[in-house]
Amino acid sequence: MGPVVNVPGGGQFRTVIFYGPWQCSRQLMNYCREKCAGTGHALQGCMWLADVKMDYQGAVIDTGSRYGMTHCCCNYATLSVSANQSARSQWDNIRDGFRQQWAARFGAWPTDRNGTAYPGHHIRDLKHGGNPTDWENIIPFPKDIHDTLNGLYNQCYANNPPWTQIGPDYPYGE
């Protein structure tokens with residue numbers, strides 16, 4: 001749960017991120033199928049990585065939004081080791097500035113109980129051509145979960161369950 005952020009002109013919002021990964025809902029699986037097909041690729045699996053919720057409280061209205069962050073395991077080619085290292089270096093070079101920009105938009109970049117910043121997770125992984133600096137490709141992720149994602153991504157790209165199966169509409173309770 002992020003801090004309350006004051007909005008110019010009045011009101012406040014708070015960002016709350018629910019972390020998976022979970023099996024994709026039918027809607028998210030269809031989204032991934034279309035996304036892969038739109039670039040000439042086949043869907044091999046779908047992972048619902050996180051659900052980002054933004055709540056707004058204003059003088060006149062209280063509202064909010066939700067956004068499911070998914071990883072579509074399309075049959076993308078893998079990058080060479082040197083190209084992957086180059087992409088990783090690009091991320092390393094902008095990481096601190098990215099976290100500062102994130103904080104200006106959404107509130108402080110999340111940290112663990114010891115104050116260590118969460119790793120930035122690339123939704124479309126660098127190994128499969130993910131953009132290392134694209135705002136829509138990076139989300140903070142708790143280290144313990146982040147450390148397991150590479151193995152889970154490998155299952156997803158291998159077209160293995162549970163990432164090939166449809167999950168519930170909302171896999172968690174608030």
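The values are calculated or read from the model by the stated rules, or taken from the named source; none is laboratory data. Worth saying up front: this structure is predicted, and the values here are computed from it rather than measured. When we count neighbours, we look across all protein chains shown, and the Cβ atoms used for this are built from the backbone with ideal geometry, even at glycine. Protein only, heavy atoms only, side chains kept; ligands, DNA and RNA dropped before computing areas. Shrake-Rupley method; radii C 1.70, N 1.55, O 1.52, S 1.80 Å.
Residues in region 120-174 that are polar (S, T, N, Q) and not in a loop (DSSP other than H, G, I, E, B) were compared, and the one that is modelled with the lowest pLDDT is N150.
For every residue, the table says whether it meets (1) open to solvent by 20 Å² or more (accessible area, probe 1.4 Å); (2) touching a Phe, Trp or Tyr at 6+ places or on another chain (Cβ under 7 Å); (3) of a type in the set (G, A, S); (4) over 20 Å from H146 (Cβ atoms).
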residue: R33; (1), (2), (3), (4): yes, no, no, yes
residue: A37; (1), (2), (3), (4): yes, no, yes, yes
residue: L43; (1), (2), (3), (4): yes, no, no, yes
residue: L49; (1), (2), (3), (4): no, no, no, no
residue: M54; (1), (2), (3), (4): yes, yes, no, yes
residue: V60; (1), (2), (3), (4): yes, no, no, yes
residue: M69; (1), (2), (3), (4): yes, no, no, no
residue: C72; (1), (2), (3), (4): no, no, no, no
residue: N75; (1), (2), (3), (4): yes, no, no, yes
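Scanning region 58-73 for any residue that is touching a strand residue (DSSP E or B) at 6+ places or on another chain (Cβ under 9 Å), of a type in the set (D, E, K, R) and closer than 18 Å to G167 by Cα turns up at least one such residue. Here region 1-30 is the region considered, the condition is being within 15 Å of the chain's Cα centre (by Cα) and aromatic (F, W, Y), and the residue that is nearest to N159 (Cα to Cα) is W22.
Please work out which residue is modelled with the lowest pLDDT, limiting yourself to region 60-84 and to residues that are over 12 Å from C32 (Cβ atoms) and β-branched (V, I, T). Among those that are over 12 Å from C32 (Cβ atoms) and β-branched (V, I, T), it is T63. Mind listing whichever residues of region 95-116 are open to solvent by less than 60 Å² (accessible area, probe 1.4 Å) and either of a type in the set (A, V, I, L, M) or out of contact with any helix residue (DSSP H, G or I) (no Cβ under 6 Å at 6 or more places or on another chain) (or both)? If the condition is that a residue be open to solvent by less than 60 Å² (accessible area, probe 1.4 Å) and either of a type in the set (A, V, I, L, M) or out of contact with any helix residue (DSSP H, G or I) (no Cβ under 6 Å at 6 or more places or on another chain) (or both), then G97, F98, R99, W102, A103, F106, G107, P110, G115 are the ones that fit.
Within region 55-114, the only residue that satisfies the criterion of being assigned to a strand (DSSP E or B), free of Cβ contacts under 8 Å to residues at least 24 places away in the same chain and acidic (D, E) is D62.
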